[in-house]
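Rule-based calculations on the coordinates, nothing more; no lab input. Model, not experiment: these values are computed from the prediction. Cβ placement follows ideal geometry from the backbone for every residue including glycine, while neighbour counts extend to all protein chains displayed.
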Amino acid sequence: MAVEHRSGLHNLGPTRTGRDGGGAGSDDDGHVIYSVTEPGRGEVAAWFSTPVQRTQPPRDELAIKLALAVTVPGVDVDAVIQAQRSATMAALQDYTRLKRAAQAKQEEPAGMAWSLVLDSFVFAAEAEIRWLDHSEARLRRAARERQPSSAPAPASVDPKVRAR
Amino acid sequence: MNQPVLDLRDVSRVHGSGSTAVHALRSVGVQVYAGELVAVMGPSGSGKSTLLTLAGGLDRPSSGSVLVEGTALESLDQGHRARMRRTAIGYVFQDFNLIPALTAAENVALPRELDGERSRAARRAALAALTEVGIGELADRFPDELSGGQQQRVAIARAVVGERRLILADEPTGALDTETGEDILGLLRARCDAGAAGVLVTHEARYAAWADRVVFLRDGRIVDETRADRPDSLLETGKTR
Ligand SMILES: Nc1ncnc2c1ncn2[C@@H]1O[C@H](COP(=O)(O)OP(=O)(O)O)[C@@H](O)[C@H]1O
Ligand SMILES: [Mg+2]
């Protein structure tokens, strides 16, 4: 058995990528090597069988920015939303491209693992864009209700589509 | 060679007139080249379907011009436009639009037979298209004997049969679960990688992300655009497309 470690785990954790300058703890192919000691087995089993704690919402800069954009006078909220939507969409396009590249290596456990991690990025980016869409729709409805007649009529919403 | 397959030039579409006029599209310009998949995103009522029906010659612009492979659709008479629709342009809709009384192969073969092709040749082309989308073995089933995802594959086969160069898809994943939806996007993507030009209308970001470019519509106007071919990648330098 490899190096003893107090927790029973040796180097279990997020893979180091080239980006953080490391390679520490990984082999030539970038795989992190870990092994489990006897006393660690129970702890590992417990770790895997316990759901990850949902802490209180983390500090969300985007939510804070949008909240401020809505309250601070003179900010073009539509522009703030669209700029973020485009940026997040571009990231989502990148993840999707990486996913397509990863699809070829799905049979290997490492390929499947990478693919699942990318899925997680996709879901997170998608959720952010849906929240932006939702915020925009709410703001527009509120604006319409504030000035029912004076605003130039926006293209009316097709009721059969809205029902979806 | 560097001519776009689809070229919308300053296209507007107004429904009705006077105080009840609805400006479904306002001065929209979009070019889609061979090998490219472009996604159009926007909330309900933003003009996505209008853009697609204009691109496919199912509707005419109030002003501006729609060119498919360099030919202005509005310059064609009824007969030529209909022929263009059957031979150069393929459609995929959210609700599949398959004819219930026809088998999968017959649904796919129909546009070619309407175009005067011998039915044996049309069936051969249909089987090839169904095989390409992964359901060759279901060719003789009727739509109600197929799952939603399988029906959408038939619809895609029908849209691509006969090497059509422009594929237009309006919410093709709307009725499908996430994984099946991704499969359908994979098929559209593959077709574009093989040289077709594609336009995908969707309100779901995860599907739009398969495109090379994403165009955002609001109230009939293009408000922004993203590209996927940025030189930097967030995570690693994967091969481009
Ligand atoms: N035949 C029509 N007559 C009148 N208004 C229409 C017609 N078709 C579409 N519209 C209107 O044009 C706008 C854009 O519609 P559409 O292109 O279907 O939007 P989307 O597909 O983005 O939901 C909407 O306001 C819709 O109500
Ligand atoms: Mg629509």
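Here are the numbers for this structure:
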quantity: Cα-based shape type of the stretch B:75-222, given that a ≥ b ≥ c are square roots of the gyration tensor eigenvalues and the cut on a/c is 1.5; calculated: oblate
quantity: Order by protection proxy (mean Cβ within 10 Å, highest first), peptides A:135-145, A:119-129; calculated: A:119-129, A:135-145
quantity: Spacing of the two label points (7 Å from each Cα toward its C-beta) at B:Gln3 and B:Leu114, in nm; calculated: 2.5 nm
quantity: Computed label-point distance, nm, for sites B:Glu179 and A:Arg41 using a 7 Å Cα→Cβ extension; calculated: 3.3 nm
quantity: Rounded FRET efficiency, nearest 0.05, which uses the C-beta distance separating A:Thr71 from B:Ala82 and R0 of 35 Å; calculated: 0.05
